[in-house]
Amino acid sequence: MGNWYDPYMLLDDPVIVADARHRVLAVNPAYERASGFRCKDLTGKEAVYAKPKGLIPGTSASVCEHVERGQGWKGIVTCERADGELWNFSLTVTPVRAFGQVYYLAVCRDLEELGYQAVAESYEQLFLLIAQLAETGDPSVQPHLDRVGRLSRSLAEWLGWPKARARWLGMASVLHDVGKLYIPREILFKPGPLTPAERRLVETHTTQGAELLTRFSENMAKIYGYNEALLMAREIAQCHHEHVDGSGYPKGLRGEEIPESARIVALADVTDALFSHRPYKIPWAASQVQRYLRTKSGRQFDPKMVRVLLDHWKEVEELYRLQPAIPTGIIG
């Protein structure tokens, strides 16, 4: 007697079949060809959609949460093949009941490079538009978002992230302050110091932003499927003011409790703020910025990320030399 999933093994699209614990039962020959992994090497291991190093943690969690509620999941994702090359594909995961047991059927469809680029560029423009709306009235916001995106993407690559995933992160980073849509303009752009009540209100932009992006992601998914950049944007919006020593907000997360994406963007955001002109400060010199980052390493920022950023300081300086928004003479 054959298995219930035997017909799916004949499909031209790559297929993964997993048990209720998301352990691989079988993959079809198309999956072997596309991924470079052999079925015998994958059987019994965590399915790529569920394991931490398969998709980004936020995406893996989203897949598992939906299918364990009996709902399907679809989206565009990136993972590595056996040879280390990146694989961009659309993923559909469906719960299946058979013989009194729950199984999960994952079908992958390769994306042509042109299709991937078009999707990435569309999301990039959409994210930037939303981010600009969140801080309407601040003429410095667009160059700030551009620099934070470039620096976040570069830092992710220096940390060893695959280039495609680092690109998603750079795109997602521009939405870190999207929750400011809910903060009154007169408080957001108040020239003087904030009162304690006003500061507490401003701090809600983290949870407000995460809630907005959760709703946005769920609605977009009904049409286009989930997107890794949007799932990262949600965790960045909520956690980019968390500190690795637990002194940040909104939840006081510590160390690796803070998503890696949020730790990267937090460092990029503050670095750019120090280099930038603000109504309350002049731009800092490079030596001042370096000294500040070292002081905050292990307290506010991930010490490994600070070390990697400082190791690539020449590239950081080059980034700011290419940005006309930063006054001449600040770098050096």
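The values are calculated or read from the model by the stated rules, or taken from the named source; none is laboratory data. Remember, it's a predicted structure, so these values are computed and weren't measured experimentally. Glycine also receives a Cβ, built like all others from the backbone with ideal geometry; neighbour counts cover every protein chain displayed. Accessible surface areas use protein heavy atoms only, side chains included; no ligands, DNA or RNA. Shrake-Rupley method; radii C 1.70, N 1.55, O 1.52, S 1.80 Å.
Residue check: Val67 meets all listed conditions (1) buried (at least 17 other Cβ atoms within 10 Å of the Cβ); (2) out of contact with any Gly (no Cβ under 8 Å at 6 or more places or on another chain); (3) closer than 24 Å to Ala210 by Cα; (4) modelled with pLDDT under 90 but one, namely (4).
Report yes if some residue within the stretch 184-205 is at pLDDT 85 or above, charged (D, E, K, R) and surrounded by 15 or more Cβ atoms within 10 Å (Cβ to Cβ); otherwise report no. Checked the stretch 184-205: at least one residue is at pLDDT 85 or above, charged (D, E, K, R) and surrounded by 15 or more Cβ atoms within 10 Å (Cβ to Cβ). Scanning the stretch 280-315 for residues that are of a type in the set (D, E, K, R) and more than 14 Å from Ala266 (Cα to Cα), we see that the one that is least open to solvent (accessible area, probe 1.4 Å) is Lys281. Contact map, the stretch 119-139: residues that are of a type in the set (Val, Ile, Thr) paired with residues that are at pLDDT 75 or above and buried (at least 18 other Cβ atoms within 10 Å of the Cβ), Cβ distance under 7 Å, separation 6+ or inter-chain. Pairs shown: Val119/Ile76; Ile130/Leu175; Ile130/Val178. Only strands (runs of 3 or more DSSP E) whose full extent lies in the stretch 1-107 are considered here, and the ones with at least 2 residues that are hydroxyl-bearing (Ser, Thr, Tyr) are 86-98. Report whether or not Arg81 is in contact with a Gly (Cβ under 8 Å, 6 or more places away or on another chain), more than 16 Å from Leu231 (Cβ to Cβ) and either open to solvent by 20 Å² or more (accessible area, probe 1.4 Å) or basic (Lys, Arg) (or both). Yes. Taken over the stretch 1-36, the criterion of being open to solvent by 70 Å² or more (accessible area, probe 1.4 Å) and more than 26 Å from the chain's Cα centre (by Cα) is satisfied by Met1, Asn3, Pro7, Tyr8, Leu10, Leu11, Asp12, Arg33. The set of residues in the stretch 206-236 being open to solvent by 70 Å² or more (accessible area, probe 1.4 Å) and either in contact with a helix residue (DSSP H, G or I) (Cβ under 9 Å, 6 or more places away or on another chain) or closer than 25 Å to Glu256 by Cα (or both) consists of Glu211, Tyr224.
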